[in-house]
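What follows is one structure encoded as structure tokens, with my remarks underneath.
The values are calculated or read from the model by the stated rules, or taken from the named source; none is laboratory data. Keep in mind that this is a model prediction, so the values were computed, not measured. Cβ placement follows ideal geometry from the backbone for every residue including glycine, while neighbour counts extend to all protein chains displayed.
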Amino acid sequence: EVSQAAPAPVQGLPVRPHVTVGHRSEICGRGVTPAETRVAASGSRWPQRFADIVRFFVAPVILLISGFSTADFVLSGIYTWPRTSKVLVLTITIAVLSYEFVYKEQRTLRLDPSGAFAARALLYSCLIPYVLGVVALIALAKL
């Protein structure tokens, strides 16, 4: 039989005041970023490393290949349903990758209310590699 009594209060745990204001957390009167809160909670820098790996390696490579593939589809003139659906899925995938793993992550890691740093990260990690993929295909087509 399960007891329906209220649980006993937890004793002996340290109590820290925690107030969230926008993208800043106030812990004991000192402003910390959400990234610092995650590092303090987890004890590791893995979230920061993961964000950097995605931003500097994974996203640019995927977007370079995506730009190349999309330009190939547009310039080929062969618009069959399998190719069209592949490009549509690819476009949605890179939009989600760019937003979730680059833009949103940079907004979380940096205290910038305007979002300018995250927008620059999106430009350098996503948009420029995509355009380079398109330019690479056009350059190869002219050979």
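Points worth noting:
- Test: residue 109 is under 18 Å from the mean Cα position of the chain (by Cα), crowded, with 16+ Cβ neighbours inside 10 Å and closer than 21 Å to residue 133 by Cα: no
- From the options 17, 47, 34, residue that is loosely packed, with under 12 Cβ neighbours inside 10 Å and at pLDDT below 85: 17
- No other residue among 88, 63, 75 is under 22 Å from residue 131 (Cβ atoms), surrounded by 16 or more Cβ atoms within 10 Å (Cβ to Cβ) and modelled with pLDDT of 90 or more apart from 63.
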